1. Between residue 121 and residue 75, what is the label-point separation in nm under the 7 Å Cα-to-beta-carbon projection?
2. Using a simple spin-label model with points 7 Å from Cα along the Cα→Cβ vector, what separation in nm is obtained for residue 31 and residue 61?
3. Run lengths n ≥ 4 of DSSP H only: what is the helix-derived mean residue ellipticity at 222 nm for the chain, with -39500 (n - 2.57) per run over all residues, to the nearest 500?
4. At 7 Å along the Cα-to-beta-carbon direction for both residue 20 and residue 157, put a label point, then send me their distance in nm to one decimal.
5. Send over the Kirkwood Rh of the chain, from the inverse of the averaged 1/r over different Cα pairs, rounded to one decimal Å.
6. How large is the translational diffusion coefficient of the range 84-161 in µm² per second when you combine the Kirkwood radius over alpha carbon pairs with Stokes-Einstein at 25 °C and 0.890 mPa s?
7. Given R₀ = 25 Å, FRET efficiency for residue 38-residue 148 by Cβ-Cβ distance, to 0.05?
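Each value in this text was obtained by applying a stated rule to the coordinates, not by laboratory testing. Predicted, not measured: the structure shown is a model, and the values here were computed from it. Because the Cβ atoms are built from the backbone with ideal geometry, glycine has one as well, and the counts that use them run over all protein chains shown.
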Ligand code: FES
């Protein structure tokens with residue numbers, strides 16, 4: 001454990017060529033922080049303390065700087081999650097168009113609150129800030145796909161259709 005309470009463990013990237021390629025794109029190594037975090041997440045599934053330490057080493061900065069970056073972006077996950085990440089926009093347009101009811105719908109049907117994952121690791125529920133499609137509110141992102149103008153009925157069908 002270091003002085004910031006972060007374990008000293010390190011993550012080993014399996015695709016070292018890709019790491020080198022990412023680093024070679026930037027004259028300032030720190031600019032490679034986000035791409036390296038995305039690569040680590042694609043390999044490990046989430047951003048652990050070990051990932052933060054390794055990325056900090058690669059870009060030559062303190063782990064706290066990398067942690068700042070991780071905590072800013074909702075698409076970077078700091079703990080294991082389900083196969084389907086349900087991100088419900090909670091910003092104004094979506095909120096006025098019923099996104100709270102969509103969150104309640106998942107909570108009631110699957111017994112999870114925002115930030116939680118179902119016991120079978122199928123669904124993770126998250127409340128997120130504006131997804132950038134306010135004109136089609138309410139918007140839910142499931143993994144990398146947007147679902148817009150959702151009614152409760154459409155959302156229920158969508159959730160049922162997820163493997
Ligand atoms: S407020 Fe929901 S997408 Fe912008």
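1. Going from the residue 75 label point to the residue 121 one covers 2.4 nm.
2. Rounded to a tenth, the inter-label distance reads 1.3 nm.
3. Numbers: 7 runs with 69 residues, N = 163.
One gets -12500 deg cm²/dmol as the mean residue ellipticity at 222 nm.
4. Placing both labels 7 Å along Cα→Cβ, they lie 5.1 nm apart.
5. Numbers: mean 1/r = 0.0579 Å⁻¹.
After inverting the mean inverse Cα-Cα distance, the result is 17.3 Å.
6. Numbers: Rh = 12.1 Å.
D, rounded to a whole number, is 203 µm²/s.
7. On the way: r = 24 Å, r/R0 = 0.98.
That pair, residue 38 with residue 148, gives E of 0.55.
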